[in-house]
Every structure is written in C-alpha cells, then in structure tokens.
Amino acid sequence: MNPEILKLTTVVLLLLFTGASCQKDEMEFADESIEISSIPGISIYKTNSNYFDNISVQITTEGKMNKIPAYTLNNPRINVDKNGTVQVNFRWRLRSGYIVDREAYLNDAFTNITVQEYVDWNTSHGVSSWPNSSIEPRIIDKDPFTEFYFHDGINKTPRTFTLGEINDMIKNGTLETVFTKLK
C-alpha cells in the first residue's frame, strides 16, 4: 500500500474518532411556556459549577444541616423520563444560563449526590431520605451561588410567571424590577 495513502487514511480515521469522542451531551433547556406560581417563592441563580442534577441541603448560620430532601418515586416533585432518568419537577435550566428553582435558597449547599442516585438508594432501601451522616461528607460546595435572585410569594402579591417571561427579564436587564437580588 502506498505510504501516503496510509498516512492520509490514518489522519482521516484519527479525526473521525477524535470528533466522535468530543461530542458533548446537548443541554436540555426548559420549555419556556411552563408557568410557575410565586407561592411560596421563586429563586433564580447561577452557580460556581454545574449542580443541576445534584441534591442540595440547607445549612444554618452555625454550619449545620437543617433541611435535607425527601425524594422517592412517589413524590410529586420527582419525575421519571422515558429513558428512566429521574428528574425533579421544581428546577429548570434556562437558555440564559440561569436556573429557576422553586426550592432553593441562598443558604443551600450542593452535594455530589445526583437526584438519580438519591432516589434509587431511597427506593431500594424503602426510605425517603438519607441520614445526615451520609450526606454531610458529600457536600462539595457550601457557597455555590455566583448570582441569586428571589421573589417572595408569601409577603408580596402572588404572581404567575412563564419561564419565557423570566428569560426575557434576564435578557432585557429587568429581572431586578421583579426579583430581589440577594447575591
């Protein structure tokens, strides 16, 4: 075989394999027509890293965990997609790079425990949550938020927003006219 054809074939195959291995999973963005009530509140944030599929816990000012999630397959906050992947029904990824979350607050910390792992373990053990001693060592970020906005639906007039409206507020720079910037 001609050495130049062999070299060319090798380069082409190398490029094909490199290209195939570099494909990234497409991020799935939320449907902008989804409506969210402001009761009890809505958080919009960006984080230091991608924690979208991870569980969060609440940390007190003394550094103690005081809220851990209780997720099972019977929980209405949990959804299983057609591929069997466990997802939460209260957190949405926006095209703008922000996350809209019905359960997050500024004193939350993220763990390296995925929602999938958490629900699978809870299901197999017949429980709804893990003991603090199992979660605490898996906290990976106690100060995860680079930006954090909140709309208090309890102490303000209740409203309903679509994710598209929230995206538009972010794009137009009007988010702070409706949401309070906490960080």
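Name every residue in segment 40-73 that is over 19 Å from I139 (Cα atoms) and in contact with a helix residue (DSSP H, G or I) (Cβ under 9 Å, 6 or more places away or on another chain), in order of residue number.
Correct list: I42, I44, T72, L73.
Got a number for residues in segment 52-72 being under 23 Å from T123 (Cβ atoms), touching a strand residue (DSSP E or B) at 6+ places or on another chain (Cβ under 8 Å) and touching a residue at least 40 places away in the same chain (Cβ under 8 Å)? Show your work before the answer.
Quick first cut of segment 52-72, residues under 23 Å from T123 (Cβ atoms) only: 52-57, 65, 67-72.
This time we only want the ones that are touching a strand residue (DSSP E or B) at 6+ places or on another chain (Cβ under 8 Å), so: 52-57, 65, 67-69, 71-72.
After this cut, where a residue has to be touching a residue at least 40 places away in the same chain (Cβ under 8 Å) as well, the list is 52-57, 65, 68-69, 71-72.
Residues in segment 52-72 being under 23 Å from T123 (Cβ atoms), touching a strand residue (DSSP E or B) at 6+ places or on another chain (Cβ under 8 Å) and touching a residue at least 40 places away in the same chain (Cβ under 8 Å): 11 in total.
Of the conditions (1) part of a loop (DSSP other than H, G, I, E, B); (2) in contact with a helix residue (DSSP H, G or I) (Cβ under 9 Å, 6 or more places away or on another chain), I154 clears all except one; give me its number.
Answer for I154: the failing condition is (2).
Are there strands (runs of 3 or more DSSP E) fully within segment 65-113 with at least 3 residues that are more than 14 Å from the chain's Cα centre (by Cα) and closer than 25 Å to P131 by Cα? List them.
65-67
With the checklist (1) farther than 29 Å from D81 by Cα; (2) without any contact (Cβ under 8 Å) to a residue 24 or more places away in the chain in hand, flag the one item P131 doesn't pass.
(1)
Which condition number does W121 fail, the rest of (1) surrounded by fewer than 17 Cβ atoms within 10 Å (Cβ to Cβ); (2) in contact (Cβ under 8 Å) with a residue 40 or more places away in the chain; (3) under 20 Å from the mean Cα position of the chain (by Cα) being met?
All conditions pass for W121, except number (2).
So which of S129, S56, S43 is over 22 Å from N167 (Cβ atoms), hydroxyl-bearing (S, T, Y), outside any loop (DSSP other than H, G, I, E, B) and at pLDDT 90 or above?
S56
The values are calculated or read from the model by the stated rules, or taken from the named source; none is laboratory data. Source: prediction; values computed, not measured. We place every Cβ from the backbone using ideal geometry, glycine too, and count neighbours over all the protein chains shown.
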